[in-house]
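Asker: The structure is given below, and queries will be raised subsequently.
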Amino acid sequence: MANQIIGLGDWLATSPGQYLLAWEQAQFDLAVADLFGFNALQLGLPELATLQSNRMPHRWLSLPEEFGVDARPPGGALPLIQARQQVHLLADAAALPFSSGSLDLVVLPHTLELSADPHQVLREVERVLVPEGRVVIASFNPVSLWGWRQGRSRLASGLGLGAFGIATPFLPEVGQFIGPWRLRDWLRLLSFEVESDRYGLYRPPVRTDKWLQRMSWMDRVGARWWPVFGAVYFVVAVKRVRGMRLLGPAWRPRKALSGSSVPVIQRR
């Protein structure tokens, strides 16, 4: 079909794709600005500069294996902040080339949906993160207007109703969407603690910028009256290690013990 979206890169160049990128860029900037450490990694989606507001000295952008060494996303050049201050590497998200406990921050912008084995990706993230390290995840919400529209097109396609025009998907067919409740269960099994979550993108699944602008009021209303039905959800989780306690510096010196003798009672 002429209107069918083939890949995620093509869809991000459309009006709803730009609407999504603008909202997610603001969320990533806010989430990673005050996270400190030495090593940070972004897995996939080079159209977003998720680490541009982070101040860690070592930052990597992991591109999918189908990208070449000098490849660029379909939309054009990489963001300037990434091209100058980040190191690009080709790696499989399910087998990261980092030693255990070596990263302070891992960002997953729709990485789980693009992966054939999202469970293994999360296990790899847990392995490479240091204790108290953080993972930031952005994902499509199946319980939303966008998710309902995508589910309807899949059902119509399975029933052979493509001739009626309702089988055309609104979102790219990149994988199975993961609900926020399922993601919370997966994180809990891997000893992650959800630190914060938020939802966004409440406008209906329309394709033109004109109608997206007309429906902009729904972002304010939706965030107040039906917040969990946003098209995208955003999660920040912390890796917890059982039996481990982080000790801070001893700012106050301990008083020296008295040198006076202590009387001892003897039996005889």
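The values are calculated or read from the model by the stated rules, or taken from the named source; none is laboratory data. All values reported here derive from a predicted model rather than from experimental measurement. Here the Cβ positions follow ideal geometry from the backbone for every residue, glycine too, while neighbour counts run over all protein chains shown. Keep in mind that these areas ignore ligands, DNA and RNA; they rest on the heavy atoms of the full protein, side chains included. Shrake-Rupley method; radii C 1.70, N 1.55, O 1.52, S 1.80 Å.
Asker: Compute the length gained on full extension between Arg127 and Arg240: take 0.36 nm times their separation in residues and subtract their Cα-Cα distance, giving the result in nm to one decimal. Mind showing how you got there, number by number?
Answerer: Details: separation 113, 0.36 × 113 = 40.68 nm, distance 1.19 nm.
So the chain would gain 39.5 nm between Arg127 and Arg240.
Asker: So what are the ³J(HN,Hα) numbers for the stretch 96-110, from phi and the Karplus equation (6.51, -1.76, 1.60; θ = phi - 60°), rounded to whole Hz, Gly and Pro as x?
Answerer: 6, x, 10, 6, 5, x, 10, 10, 9, 8, 10, 10, 10, x, 6
Asker: Let me ask something else. Gly101's amide H: which non-local residues (gap 5+, or another chain) put their own amide H closer than 5 Å, with H modeled 1.01 Å from N in plane and none for Pro or chain starts?
Answerer: Val128, Leu129
Asker: At 7 Å along the Cα-to-beta-carbon direction for both Ser191 and Asp10, put a label point, then send me their distance in nm to one decimal.
Answerer: Taking the simple label geometry, Ser191 and Asp10 are separated by 4.4 nm.
Asker: Taking 7 Å along the Cα-to-C-beta vector as the label spot, tell me the Gln176-Thr208 distance in nanometres, rounded to one decimal.
Answerer: Calculated label separation equals 3.7 nm.
Asker: Let me ask something else. Under a 5 Å amide H to amide H cut-off, with H placed in plane at 1.01 Å, what residues pair with His88 once short-range neighbours are removed?
Answerer: Placed amide hydrogens put Leu61 under 5 Å from His88.
Asker: Roughly how many Å² of Glu193 are accessible to a 1.4 Å probe, to the nearest 10?
Answerer: 90 Å²
Asker: Can I ask one more? Would you kindly derive the ³J(HN,Hα) couplings of the stretch 222-239 from the backbone phi angles with the Karplus curve 6.51 cos²θ - 1.76 cosθ + 1.60 (θ = phi - 60°), listing them in order in whole Hz, with x for Gly and Pro?
Answerer: Taking θ as phi minus 60°, the curve returns x, 5, 9, 9, 9, x, 7, 9, x, 5, 10, 10, 9, 10, 10, 10, 10, 7 Hz for the stretch 222-239.
Asker: Short version: ³J(HN,Hα) in whole Hz for each residue of the stretch 34-41, in order, from phi by Karplus 6.51 cos²θ - 1.76 cosθ + 1.60 (θ = phi - 60°), x for Gly and Pro, what are they?
Answerer: Ordered by residue, 3J(HN,Hα) equals 9, 9, 10, x, 10, 10, 9, 9 Hz.
Asker: Moving to a separate point now. Quote the accessible area belonging to Ile137 in square angstrom, nearest 10, computed with a 1.4 Å probe and with ligands, DNA and RNA left uncounted.
Answerer: Its accessible surface works out to 0 Å², give or take rounding.
Asker: Taking R0 as 22 Å, what FRET efficiency do you get between His58 and Leu30 from their Cβ-Cβ distance, rounded to the nearest 0.05? Let's see the in-between values first.
Answerer: Numbers: r = 22 Å, r/R0 = 0.99.
Once the sixth-power term is evaluated, E becomes 0.50.
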